[in-house]
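Here's the structure, in structure tokens; my notes come after.
All of the numbers you see were taken from the coordinates with simple rules; none came from a lab. Keep in mind that this is a model prediction, so the values were computed, not measured. Virtual Cβ from ideal backbone geometry, glycine too; neighbours counted across all protein chains shown.
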Amino acid sequence: MNRILLGLNILLLLAVGYLYVDKYSAPTEEHQTPADTSSLATSLSIAYVNTDTLLNNYDLFIQKQKAISEREKNADSKLKAQARSLEREIMMLNEKASKGTMTPKDLQAEEQRLTIKQQQLMADQEKITKELMEESGKINDELQSEITSTLRLIQAQYAYDFVLSYGAGSPVLAVNDSLDITQEVLTRLNQSK
């Protein structure tokens with residue numbers, strides 16, 4: 001989700017940069033009137049996508065998020081069960097050690113076995129975390145690609161000069177609702193599954 005917002009924000013920054021360069025690098029006339037500068041603004045075709053609405057209603061994104069969430073939940077349950085099992089074994093070993101029912105050699109061997117088991121549990125936790133992060137990154141890349149592809153088709157169809165991102169955290173502070181193409185983007189994305 002962050003990558004999608006980042007990608008859309010980059011597009012916005014590129015658009016603002018283009019406008020800045022275009023406006024200030026063009027030769028200026030001494031007798032330019034405000035009406036002359038407004039022709040630049042009216043000649044641009046701009047639309048925006050509300051990223052919050054898009055992500056909250058994009059079916060494939062919702063499905064992928066649920067799948068990742070379910071995998072995280074299952075992995076967390078499995079790791080917690082293993083940790084509880086290890087904890088019980090440590091408590092039993094401490095109990096045996098305090099009662100003196102184990103030889104020092106057996107106690108040392110059992111402590112070593114539990115230490116190895118604890119290290120393996122930590123390694124499993126790191127591995128699962130890494131796998132989930134990689135999968136989440138892959139999903140974000142796929143979704144970003146799908147959204148970008150759809151936006152390019154819409155941009156070409158309607159000859160938009162810019163398609164901006166609007167939502168919480170975006171640098172766009174205010175928009176004209178008539179420029180909102182979020183529903184069209186959503187319709188195309190949800191139909192393409």
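How would the range 58-173 be classified by its alpha-carbon gyration tensor: rounded, prolate or oblate, with rounded meaning a/c under 1.5 and the a/b versus b/c comparison settling the rest?
Values: a/c = 4.81, a/b = 4.58, b/c = 1.05.
Here the range 58-173 falls in the prolate category.
Any chance you could check the Cα centroid distance between the range 142-193 and the range 108-130 for me, in angstrom?
Each part's Cα centre sits 47 Å from the other's.
In the range 68-193, if the dipole is taken from +1 on Lys/Arg beta carbons and -1 on Asp/Glu beta carbons about the Cα centre, which of Q191, Q144, A109 is farthest to the positive end?
A109
Where does each of 149-157, 52-60 land if you order them by average Cβ count within 10 Å, highest first?
Details: 149-157: 14.3, 52-60: 16.6.
Result, highest mean first: 52-60, 149-157.
Considering amide H positions built from the backbone, and no H for Pro or chain starts, which residues 5 or more places from D180, or on another chain, come under 5 Å of its amide H?
Y48
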